[in-house]
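The values are calculated or read from the model by the stated rules, or taken from the named source; none is laboratory data. Note that the structure is predicted; figures quoted are calculated from it, not measured. Virtual Cβ from ideal backbone geometry, glycine too; neighbours counted across all protein chains shown.
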């Protein structure tokens with residue numbers, strides 16, 4: 001395990017250095033682009049018989065890493081806490097109903113629309129995938145990824161209230177998406193459709209339990225931080241709260257991601273204002289920002305490298321393009337149109353719908369969920385489709401979201 005971690009960190013540092021010196025893209029996008037290019041280069045050399053065993057070495061190394069476990073049980077807790085730590089809770093409360101509707105109703109609607117649309121469309125490109133597997137794909141691709149969204153939005157230049165709604169939606173909708181995904185995978189495994197009561201109970205236990213646990217954990221950590229003034233110990237307390245809290249949430253079968261988001265919001269707002277000295281606040285921010293940047297970079301490198309394990313056929317590439325189009329169209333139907341139709345309720349600037357649609361990035365969580373599916377031919381199809389959407393989302397949407405913000409919001413405002 002130590003060797004794997006050392007290789008990952010060293011390789012990520014090297015790619016981050018090359019990106020800074022050569023490509024000068026945002027770090028997360030740059031390291032993923034280089035890693036993806038290296039993986040595809042390995043595939044090309046192997047096809048020409050010139051790789052001298054390099055592809056086999058990379059495949060062996062990547063297979064030794066359980067990406068789903070590394071992200072969902074390792075990195076995710078740190079990344080969600082760090083992301084929530086810098087969200088203004090008072091501003092978030094002003095948009096709580098907007099965020100809740102996008103995170104809950106939007107995710108459920110998106111799962112259904114994407115699933116049914118893929119089921120109807122895939123046979124036309126020669127791909128046979130059951131309705132249930134299409135709905136599973138819809139569930140894992142419906143939630144926007146807070147790691148991708150918050151990392152890339154920092155440099156997009158969007159108005160603060162719009163950035164707040166996008167970040168808030170992404171922080172909470174992954175918990176809803178994971179619950180829907182778990183329900184559908186359970187149906188796949190058992191062949192039995194759960195009752196409405198069972199689904200409601202699961203949702204309340206996972207989501208409601210996660211939020212309640214996050215409140216309790218945040219309250220306890222707040223009082224610990226308030227009772228001392230030594231930044232080394234206080235940073236250690238927050239680190240222990242994230243690691244221990246996420247592990248305990250998993251054992252309690254409640255949503256660890258939602259617990260970390262709630263705890264991070266409490267410590268980043270009430271804790272920052274009332275329980276920390278300026279010295280502690282400064283050191284805490286530096287620690288979590290640095291950890292966030294390092295883990296984000298490692299995660300995006302792994303996404304770029306994982307592509308070598310996927311076998312793409314012409315039909316799957318066409319299916320991937322179809323999945324990208326359907327995912328974007330569904331995002332417009334379930335998010336863009338409601339924001340336009342209910343503009344007085346959402347209270348967002350003109351052009352916000354375009355930014356919300358294009359800024360709904362998918363990332364490592366979708367890949368991790370796809371990789372967690374039981375081995376089958378259908379799993380390979382779902383994984384390939386997921387990868388196409390995620391790579392397009394990060395590389396195309398992520399690199400152009402700044403231009404979309406300027407075109408949709410900044411320029412019209414300047415013209416007026």
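With respect to being out of contact with any helix residue (DSSP H, G or I) (no Cβ under 9 Å at 6 or more places or on another chain), surrounded by fewer than 19 Cβ atoms within 10 Å (Cβ to Cβ) and assigned to a loop (DSSP other than H, G, I, E, B), residue 49 fits the description. Just one of the listed residues (345, 385) is at pLDDT below 90 and touching a helix residue (DSSP H, G or I) at 6+ places or on another chain (Cβ under 8 Å), and it is 345. Only one of the numbered conditions (1) in a helix (DSSP H, G or I); (2) at pLDDT 85 or above is violated by residue 143, and that is (1). Apart from one condition, residue 93 fits all of (1) in contact (Cβ under 8 Å) with a residue 40 or more places away in the chain; (2) farther than 22 Å from residue 377 by Cβ; the exception is (1).
Restricted to segment 337-346, and to residues there that are in contact (Cβ under 8 Å) with a residue 40 or more places away in the chain and more than 23 Å from the chain's Cα centre (by Cα), the residue that is farthest from residue 405 (Cα to Cα) is 345.
Mind checking which helices (runs of 4 or more DSSP H) fall wholly inside segment 223-336 and carry at least 2 residues that are within 30 Å of residue 353 (Cα to Cα) and touching a residue at least 60 places away in the same chain (Cβ under 8 Å)? Even if it seems obvious, please write down each step before you answer.
Details: elements: 231-251, 256-266, 278-306, 314-331.
Of the helices (runs of 4 or more DSSP H) lying wholly inside segment 223-336, those with at least 2 residues that are within 30 Å of residue 353 (Cα to Cα) and touching a residue at least 60 places away in the same chain (Cβ under 8 Å) span 256-266, 278-306, 314-331.
When segment 310-321 is filtered for residues that are within 15 Å of residue 379 (Cα to Cα) and either modelled with pLDDT of 90 or more or more than 21 Å from the chain's Cα centre (by Cα) (or both), the ones remaining, listed by number, are 311, 312, 313, 316, 319, 320.
Which members of segment 239-253 meet the condition of being closer than 19 Å to residue 84 by Cα and surrounded by fewer than 22 Cβ atoms within 10 Å (Cβ to Cβ)?
From segment 239-253, those closer than 19 Å to residue 84 by Cα are 239-247, 249; that's our starting set.
Residues satisfying the conditions are 239, 240, 243, 244, 247.
If you go through segment 221-235 one residue at a time, do you hit one that is under 26 Å from the mean Cα position of the chain (by Cα) and closer than 30 Å to residue 374 by Cβ? Spell out how you get there, then give the answer.
The first filter runs over segment 221-235 and keeps only residues under 26 Å from the mean Cα position of the chain (by Cα), leaving 221, 235.
Right, trim to closer than 30 Å to residue 374 by Cβ and you get none.
Checking segment 221-235: not a single residue is under 26 Å from the mean Cα position of the chain (by Cα) and closer than 30 Å to residue 374 by Cβ.
If you go through segment 286-312 and pick out every residue that is surrounded by fewer than 16 Cβ atoms within 10 Å (Cβ to Cβ), over 25 Å from residue 66 (Cβ atoms) and in contact with a helix residue (DSSP H, G or I) (Cβ under 8 Å, 6 or more places away or on another chain), you end up with 1. Scoring residue 257 on the criteria (1) touching a helix residue (DSSP H, G or I) at 6+ places or on another chain (Cβ under 6 Å); (2) surrounded by fewer than 15 Cβ atoms within 10 Å (Cβ to Cβ) leaves a single failure, condition (2).
Tell me yes or no: at least one residue of segment 173-181 is in a loop (DSSP other than H, G, I, E, B) and either within 26 Å of residue 95 (Cα to Cα) or in contact with a strand residue (DSSP E or B) (Cβ under 8 Å, 6 or more places away or on another chain) (or both).
At the first step, the residues of segment 173-181 found to be in a loop (DSSP other than H, G, I, E, B) are none.
No, segment 173-181 contains no residue that is in a loop (DSSP other than H, G, I, E, B) and either within 26 Å of residue 95 (Cα to Cα) or in contact with a strand residue (DSSP E or B) (Cβ under 8 Å, 6 or more places away or on another chain) (or both).
Name every residue in segment 183-206 that is over 21 Å from residue 134 (Cβ atoms) and outside any helix (DSSP H, G or I), in order of residue number. Result: 195, single match.
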